[in-house]
């Protein structure tokens with residue numbers, strides 16, 4: 001088997017695995033009520049942008065285009081397509097192993113080209129009709145975007161490899177992103193007009209990329225790291241859909257003490273069992289970076305959508321955010337209260353219900369009210385600022401009651417009571 | 001304190017893994033649940049704990065009886081410390097601070113984990129993790145202990161400490177159902193035994209009764225009895 005054949009097989013397996021995961025989550029109801037309507041609305045908007053630029057674009061400076069473009073252009077990863085089982089055979093076959101590595105890198109860079117084309121394609125009508133960019137400027141920006149994204153992802157691979165601590169990692173990652181954004185801003189605003197700047201920029205970025213890739217190809221001793229990272233990529237959709245359910249990649253290092261609330265100190269002084277329970281749930285949640293990340297994502301995407309979309313859609317987005325936040329909280333509470341450790345003893349039922357009510361509100365409510373305030377701010381006049389948080393508070397309270405009742409029904413159906 | 005009468009139980013509908021298993025554990029008694037790999041010990045325990053959906057029969061805890069379970073594989077929350085795990089167990093069972101804090105500290109000292117009290121158990125060794133499971137159970141002072149393979153991963157000193165505590169709890173009147181493969185220790189500490197094989201009850205009773213049922217001599221060990229009974233079954 002050649003390196004290319006092996007890569008093809010692994011890419012096929014990877015694709016099959018992800019499609020299978022997606023199929024389990026995207027049933028016909030999701031397609032019918034969410035994806036197809038979103039697609040139709042999206043295409044309609046896209047077509048209209050080619051005719052006339054949307055009104056909201058007038059308030060957005062053209063420099064801002066760089067941020068979503070870079071974000072989208074760097075959604076791929078540099079992959080080696082190695083598997084743990086390769087230590088049995090493939091590692092002994094050095095030339096095949098190297099060829100797989102090279103093809104893996106080439107395939108990853110190819111994915112970068114695809115993501116860039118897609119990103120540029122989506123914002124193209126805004127660039128052309130909205131900000132009136134010339135074709136020369138767009139081509140130069142797109143080319144730089146591609147080179148920058150290749151470099152960023154390769155560099156990100158090295159950062160992940162050498163800086164395992166998530167709390168230190170943000171510094172080099174932030175620096176790389178800052179440099180990338182600065183370069184893209186310069187090239188898309190001024191640099192594209194100067195031939196020498198384009199030539200020097202392309203030459204430097206290509207050189208940097210070649211150096212990084214040569215180092216990567218020659219680097220030894222990264223097999224287990226690559227295998228863990230690969231497993232993470234393979235299960236990325238499962239992880240996205242199911243949070244921490246399923247097989248998670250092995251951690252790169254084991255933390256001995258928590259980074260928040262060290263010394264097991266309590267958050268509140270209240271000493272009732274419910275208060276202690278909710279305290280512990282809060283600590284568990286806030287210390288789980290992945291979980292906090294999900295809430296931040298809902299807030300981030302929700303805020304962007306509320307600001308950018310028309311009035312009626314803002315309310316739809318708000319309702320989706322409510323659904324997502326309550327769903328997240330519900331899943332988190334279930335994971336906490338039904339985890340392996342929680343089954344070692346009998347819970348006081350009344351206490352569990354009381355704690356559950358509080359836990360559902362704990363994180364989801366502030367997040368939702370924040371989005372309500374954002375909607376209020378983006379609503380014309382001061383009335384929105386009063387109306388949306390108040391209505392949001394009421395709707396949230398009622399929704400939690402509803403969820404609480406449904407949770408209890410489900411629980412009693414499941415339990416047999418020893 | 002605990003009466004078990006399982007007609008059948010399994011993980012899937014119409015696929016029972018255990019059948020016709022009945023026994024009871026009285027106050028102050030230590031009952032050893034024995035059997036080879038795949039005999040149905042863990043399924044029996046899961047049925048008692050109410051973790052299986054597909055089962056017929058009855059599992060009755062005496063009125064107001066509370067239980068604690070020590071699993072074979074320690075289970076934890078990744079982001080809670082040892083002390084917070086104990087706090088959670090105490091809160092979930094509605095224990096007031098004064099009812100558990102001192103006891104928890106004593107147990108932590110007893111099992112020599114004071115240095116890592118505020119550390120995450122996910123960073124502990126296998127034996128340390130097992131100790132946390134034992135501390136959780138002993139801290140709650142339940143009426144019934146359900147213990148699955150407690151000796152795995154424990155060093156000799158910790159095993160001795162654990163057995164001492166078990167004796168204390170029996171003296172307090174707690175009933176203990178212990179699932180184990182360590183037959184020589186079981187022979188020393190258990191009052192009665194339940195032997196499972198291929199998902200059914202093969203024999204039950206005291207060591208004397210096991211000797212009678214197996215037909216092994218009056219001086220034979222528990223291992224000899226179990227061995228003979230299994231061979232007869234084959």
The stretch A:42-55 - residue that is surrounded by 13 or more Cβ atoms within 10 Å (Cβ to Cβ) and within 25 Å of the chain's Cα centre (by Cα) and, of those, farthest from residue A:125 (Cα to Cα): A:45
Meets criteria (in contact with a helix residue (DSSP H, G or I) (Cβ under 7 Å, 6 or more places away or on another chain) and more than 14 Å from chain A (Cβ to nearest Cβ)) for residue B:148: no
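For every residue, the table says whether it meets (1) within 21 Å of the chain's Cα centre (by Cα); (2) over 20 Å from residue A:310 (Cβ atoms).
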position: A:24; (1), (2): yes, yes
position: A:57; (1), (2): no, no
position: A:79; (1), (2): yes, yes
position: A:83; (1), (2): no, yes
position: A:129; (1), (2): no, no
position: A:135; (1), (2): no, yes
Before we move on, is residue B:177 outside any helix (DSSP H, G or I), within 14 Å of another protein chain (Cβ to nearest Cβ) and either out of contact with any helix residue (DSSP H, G or I) (no Cβ under 7 Å at 6 or more places or on another chain) or surrounded by fewer than 18 Cβ atoms within 10 Å (Cβ to Cβ) (or both)? yes
Take the stretch A:336-362 and flag every residue that is surrounded by fewer than 21 Cβ atoms within 10 Å (Cβ to Cβ) and more than 9 Å from chain B (Cβ to nearest Cβ). A:338, A:349, A:353, A:354, A:357, A:358, A:361, A:362
Restricting to the stretch A:291-317, name every residue that is under 18 Å from residue A:327 (Cα atoms) and not in a helix (DSSP H, G or I). none
Which residues, taken from the stretch B:134-161, are part of a helix (DSSP H, G or I) and either surrounded by fewer than 21 Cβ atoms within 10 Å (Cβ to Cβ) or at positive phi (or both)? B:156, B:157, B:158, B:159, B:160, B:161
Just to check your reading of the model, which residue among A:371, A:390 is farther than 25 Å from residue A:274 by Cβ and buried (at least 18 other Cβ atoms within 10 Å of the Cβ)? A:371
Single condition residue A:249 does not satisfy, out of (1) away from chain B (no Cβ under 12 Å); (2) under 28 Å from the mean Cα position of the chain (by Cα); (3) modelled with pLDDT of 65 or more: (3)
Could you list, in sequence order, the residues of the stretch B:189-234 that are part of a helix (DSSP H, G or I) and farther than 25 Å from residue B:45 by Cβ? B:208, B:211, B:212, B:224, B:228, B:231, B:232
Could you run through the stretch B:111-124 and say how many residues are more than 16 Å from residue B:78 (Cβ to Cβ) and surrounded by fewer than 18 Cβ atoms within 10 Å (Cβ to Cβ)? 4
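Would the stretch B:79-90 turn up any residue that is surrounded by fewer than 19 Cβ atoms within 10 Å (Cβ to Cβ) and free of Cβ contacts under 8 Å to residues at least 60 places away in the same chain? Even if it seems obvious, please write down each step before you answer.
First pass over the stretch B:79-90, keeping only residues surrounded by fewer than 19 Cβ atoms within 10 Å (Cβ to Cβ): none.
The answer is no, given that none of the residues of the stretch B:79-90 is surrounded by fewer than 19 Cβ atoms within 10 Å (Cβ to Cβ) and free of Cβ contacts under 8 Å to residues at least 60 places away in the same chain.
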What number of residues within the stretch A:112-164 satisfy the criterion of being more than 18 Å from residue A:186 (Cα to Cα), touching a helix residue (DSSP H, G or I) at 6+ places or on another chain (Cβ under 8 Å) and either not assigned by TED's automatic domain parsing to the domain that holds residue A:71 or not in a helix (DSSP H, G or I) (or both)? 1
Single condition residue A:75 does not satisfy, out of (1) under 28 Å from the mean Cα position of the chain (by Cα); (2) farther than 20 Å from residue A:159 by Cβ; (3) not in a helix (DSSP H, G or I): (2)
Only residues in the stretch A:25-49 that are over 25 Å from residue A:237 (Cα atoms) count as the first member; pair them with residues that are modelled with pLDDT under 75 and part of a helix (DSSP H, G or I), Cβ under 6 angstrom, at least 6 apart or cross-chain, and list the lot. none
Can you name every residue in the stretch A:179-218 that is surrounded by 12 or more Cβ atoms within 10 Å (Cβ to Cβ) and part of a loop (DSSP other than H, G, I, E, B)? A:194
With criteria (1) surrounded by 15 or more Cβ atoms within 10 Å (Cβ to Cβ); (2) within 14 Å of chain B (Cβ to nearest Cβ), residue A:306 comes up short on (2)
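The values are calculated or read from the model by the stated rules, or taken from the named source; none is laboratory data. None of the values given here were measured: they were computed from a predicted structure. Cβ coordinates were reconstructed from backbone atoms using ideal geometry, including for glycine residues, and neighbour counts include every protein chain displayed.
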